[in-house]
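*Asks:* Pasting in a structure now, in structure tokens, and then I'll have a few things to ask.
Quick note: the coordinates plus some simple rules give every number you see, no bench work behind them. Because the structure is predicted, anything quoted here is derived from the model rather than measured. We place every Cβ from the backbone using ideal geometry, glycine too, and count neighbours over all the protein chains shown.
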Amino acid sequence: QVQLVESGGGLVQPGGSLRLSCAASGRTFNSYAMGWFRQAPGKEREFVARITSVASTNYADSVKGRFTISRDNAKNTVYLQMNSLKPEDTAVYSCNAALGIQSYWGQGTQVNVSS
């Protein structure tokens, strides 16, 4: 069992930055692929970014060049650095941990990009 707790969301102006964190429980954190997803009001949840156990990364086209995912295995934490934020980035951002058929989700953190 893995428990995930996100933090770092909030209100930011367009063009601003936020860093989200996802703290994981468990002793095998470094074996999991970690991902960030988001869901805007009235829309389906969508993939944002992913980092594998060997730190290979991939991003949604909509955030490529603006967002950076990273992980600190010593702290059991994955981060999402979000720069040049746009109003369309407004959503609840959720963290996912995946290993084989196992998949765990956090409760999410709200990000609002507005002037």
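*Asks:* Determine, from the Cβ-Cβ distance of ASN73 and SER17 and an R0 of 30 Å, the FRET efficiency 1/(1 + (r/R0)^6), rounded to the nearest 0.05.
*Replies:* Numbers: r = 24 Å, r/R0 = 0.80.
E(calc), rounded to 0.05, equals 0.80.
*Asks:* Please report how far the C-alpha centroid of the stretch 22-39 lies from that of the stretch 66-115, rounded to the nearest whole angstrom.
*Replies:* 10
*Asks:* Then there is this: Describe numerically, in nm with one decimal, the distance between label points set 7 Å from Cα along Cα→Cβ at SER103 and at SER31.
*Replies:* 1.9
*Asks:* Now for a separate question. Give me the number: length gained by fully extending ALA60 to GLU88, i.e. 0.36 nm times residue separation minus the C-alpha to C-alpha distance, one decimal in nm.
*Replies:* 8.7 nm
*Asks:* Which cross-chain or sequence-distant (5 or more) residues have an amide H under 5 Å from the amide H of GLY108, H modelled 1.01 Å from N in plane?
*Replies:* Residues meeting the criterion, in which the H sits 1.01 Å from N, are GLU6, CYS95.
*Asks:* For the charge dipole of the chain, defined by +1 on Lys and Arg C-beta atoms and -1 on Asp and Glu C-beta atoms about the Cα centroid, which residue among TYR79, SER53, THR109 has the Cα displaced farthest towards the positive pole?
*Replies:* It is SER53.
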